[in-house]
1. At a temperature of 25 °C and a viscosity of 0.890 mPa s, determine how fast region A:41-103 diffuses translationally according to Stokes-Einstein, using the Kirkwood radius over alpha-carbon pairs as Rh; express D in µm²/s, rounded to the nearest whole number.
2. To the nearest 10 square angstrom, what accessible area does B:Glu250 show with a 1.4 Å probe?
3. Solvent-accessible area per residue for region B:7-227 at a 1.4 Å probe radius, Å²?
4. Probe of 1.4 angstrom, ligands and nucleic acids ignored: what's the accessible area per residue over region B:232-296, in square angstrom?
5. Find, among the GluC sites (Glu not before Pro) in region B:117-213, those assigned to loop by DSSP (not H, G, I, E, B) with at most 12 other beta-carbon atoms within 10 angstrom.
6. What residues of region A:145-176 lie in the reach of a label at A:Trp238, counting those whose backbone N is under 13 Å from a point 7 Å from the Cα along Cα→Cβ?
7. Nearest 10 degrees, 0 to 90: what angle lies between the long axis of helix A:4-17 and the longest principal axis of chain A (Cα atoms)?
8. Rounded to the nearest 0.05, what FRET efficiency do B:Glu270 and A:Leu12 have when you use their Cβ-Cβ distance and R0 = 60 Å?
Amino acid sequence: MSGLYPLLMRDLKKWYRNPVFLLTGLIQPFFWIALFGSAMDITRLAGPGFNPALLLQGAPNYITFIVGGVLTITALFTGMFTGTNIIFDRRLGPMGRFLASPIARSSIVFSKVLSSVIRILIQAGILVLAASVIPNGLVFPGGFNLVDVLVILTAIILIALIFSSLFSVIAIRMREMNTIFGIVNLINLPLLFVSYAMFPKDFMASWLSDIAAYNPVSWSAESIRMVIINGSLTSSQWSSVGLWLGALAILAALMVVLTYIMAEREIRD
Amino acid sequence: MDLQPIIKVENLTKIYKGGVMAVDSINLEIEEGEVYGLLGPNGAGKTTTINMLTTRLSPTSGNATVAGFDIIRHSMDIRRMIGVVPQDLTADEDLSGLENLLLVASFYDVPKSVALERSQRLLRMVDLVEAAPRQVRQYSGGMRKRLELIIGLINEPKVLFLDEPTLGLDVQTRTTMWEYIKGLKRDYGMTIILTSHYLEEIDALANRVSIVDHGKILVTGTPAELKASLKGDIITFGFRTASDSEKLLEYPGGLEKIDAKDGVLKVRVENADKTLPELLSYLFQHGITLSTLSVQKPSLDEVFLQYTGRSLREEGASDRMKAMMNMRRVRKT
C-alpha cells in the first residue's frame with residue numbers, strides 16, 4: 001500500500017511533537033486507573049472482613065479486576081481521535097494533497113488507524129505500569145507467563161483496530177467536527193456501560209448483562225481479566241478466551257475490510 | 001511534424017448533486033510546453049475542470065487524456081506525471097517546510113537523497129531556504145503559497161496545474177510568483193495549466209487562454225488574438241487649437257471617430273503601432289501641434305466583457321470575500 005509508511009510516520013511525529021497531546025495521552029491512563037479504581041470500587045459496599053474475590057470473579061482487589069476494562073476503554077477513547085484526525089486533515093488542507101498524489105486512498109486512512117493502534121499500545125503499557133505501582137493495585141494472583149502477555153496484547157490490538165477503524169469509517173466523508181463528537185458521545189458511553197468493563201456480570205440486571213455479552217468491549221475486558229486473575233488457564237477458561245478473541249478477530253477483520261472499501265471508494269476532499 | 005496534444009479534453013461534463021452543471025461539455029487541446037490559461041469568474045467551472053484533469057473528481061460524462069493517459073482509467077499514471085498546486089493550502093502546519101516537501105516526495109517514491117537535493121534546489125528557487133526548518137504555521141501567506149508551488153514540483157512533473165496561484169496575495173508577492181512561473185516555462189519547458197480570475201495574470205503568463213463562464217468555453221486564443229478581435233486600439237489626441245481636430249479627421253487613411261470635444265479627439269484604429277507613426281508624420285506635415293497623446297490597447301477585461309456581457313471587475317465583492325477567507329487560513333502569524 002503505497003504512502004502508508006510515510007503517512008504513518010507523519011502521524012506519529014505530529015503526536016510526539018505535541019507536548020500537550022502527548023502528555024494528556026500518557027497521563028490519562030494513570031487518571032483512569034486511579035479514579036475508576038477507587039470511585040467504582042464495589043467491594044467497599046460489602047464491608048470489612050469480606051473476601052473481595054467472591055465478588056470479583058476471583059480478583060483480590062478491584063483494580064486487578066478493572067484493569068482489563070480500563071485497557072479496553074483506553075482503546076475506545078483513543079480510537080475516536082482517528083476520526084477527528086481525518087476531519088482535521090480535510091479541513092486544514094493536507095487531504096487535498098494526499099488525494100492528488102499517486103498513493104492508495106486506503107493508505108491515507110490506514111495510516112491513521114495504525115498510528116492509533118500504536119498510541120493505544122503505548123498507553124496500555126503505561127497503564128499496566130501505573131496499575132502495578134499504586135497501593136492496593138494490580139497483582140497477578142495466578143502468576144504470569146508469556147502466553148498471558150500474548151493474550152493481553154492480542155485483545156488490545158484487536159479492540160484498538162476495531163474502534164480506530166470504526167471512527168475512521170464514520171469520518172470518511174465528514175467535514176463537521178461537532179458531528180463526530182456527537183456520534184462519539186452517542187457510541188462511547190453505551191459501549192462502556194453496557195459491558196463487563198467496570199462491573200462483574202452478576203451485578204448487572206439480567207437483560208443488561210444479556211446485551212453486554214455481545215459487546216466487543218466485554219470480550220476484550222473479559223479476556224484480559226481472565227488471564228490476569230488466573231495466570232495459567234484451564235481448558236474451559238481457554239475456550240471462553242478463545243471464543244472472545246475469535247469474535248474480536250472476526251469483527252476486526254470485518255472492520256478493516258469495511259475501512260478499506262470505504263476509503264478507496266468514498267474518501268473526499 | 002504532427003505533435004499529439006499533451007492534454008486533450010472531449011465533451012467533458014460535470015453535473016454535481018442537485019443538478020448543478022459545473023462544467024458543460026468542454027473541449028480543449030493543449031500543446032506540450034504551453035502555458036494555458038483558464039480565465040473566468042468564481043464559479044465558472046475552472047476548478048472543477050482542473051479537479052477532473054488531475055483525477056480528484058470523476059466526470060459525469062465525456063473524457064480527457066493527460067500525457068496520453070485516460071483520466072478515468074489511468075488516474076494513478078496521471079497523478080505520477082503531473083504536479084498540482086490546488087487553490088487551497090495543503091501543507092501540514094505542524095511540519096516544517098522541508099518535512100512537507102520530503103513527505104510529498106515519498107508519495108512519488110523519490111529516493112531520500114534525491115528528494116533532499118531536489119528540495120534544496122526548489123527551496124532556493126523560491127527563497128525559502130532559511131524558512132525551511134521552521135514549522136509551516138509560522139509562515140506568512142506569501143511564503144505558504146511559494147511552498148505550495150514547490151510542493152507541486154517535487155516530482156518533476158511534465159504538466160503542472162496551478163489553480164488560482166496568487167489568490168489573496170498582495171501585488172508584490174503576486175509579481176514574484178509570476179516570475180517563478182515564467183522561470184518554469186523558460187528553464188524546464190514545462191506545460192502549465194493555469195486558472196485565474198485576474199486578467200493581468202493571464203495576460204502576463206499565458207500563451208493561450210480560454211474564457212470560461214457558466215461551465216462553458218466562450219472563446220480560445222492567444223491574449224493578443226483575443227484583444228485583436230476587439231478590432232482596434234484607441235488613440236486620444238489633445239490639440240493646442242481646437243480646430244486642428246477637423247484637419248486631422250481629413251487624414252486620407254481614414255479614421256473612425258469615437259468622440260471629439262474641447263480639442264480632444266478619440267479615434268479607433270486597427271493597429272496603433274503601425275498607424276501612429278504615419279499619423280504623426282501627417283500631423284507634422286500639416287503643422288499641427290499636440291498637447292497630449294495617448295494610446296489605449298484593448299485589455300482582456302474588454303474581451304471578457306464582450307464575450308460574457310459583464311465585467312470581471314463586477315465580481316469584486318465575492319472575490320474579496322473569498323480572498324479574505326483564504327487569508328484567514330493563510331495568515332496565522
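The values are calculated or read from the model by the stated rules, or taken from the named source; none is laboratory data. Since this is a predicted model, take the numbers as computed values, not measurements. FYI the Cβ positions are ideal-geometry reconstructions off the backbone, even for glycines, and counts take in every protein chain you see. For accessibility, only protein heavy atoms count, side chains too; no ligands or nucleic acids. Shrake-Rupley method; radii C 1.70, N 1.55, O 1.52, S 1.80 Å.
1. So the translational diffusion coefficient is about 160 µm²/s.
2. Around 130 Å² of this residue is reachable by solvent.
3. That works out to 37 Å² per residue.
4. 61 Å²
5. Taking region B:117-213 and a limit of 12 other Cβ atoms within 10 Å, the loop GluC sites (Glu not before Pro) found are B:Glu130.
6. A:147-148
7. Roughly 60 degrees, rounded to the nearest 10.
8. About 0.35, to the nearest 0.05.
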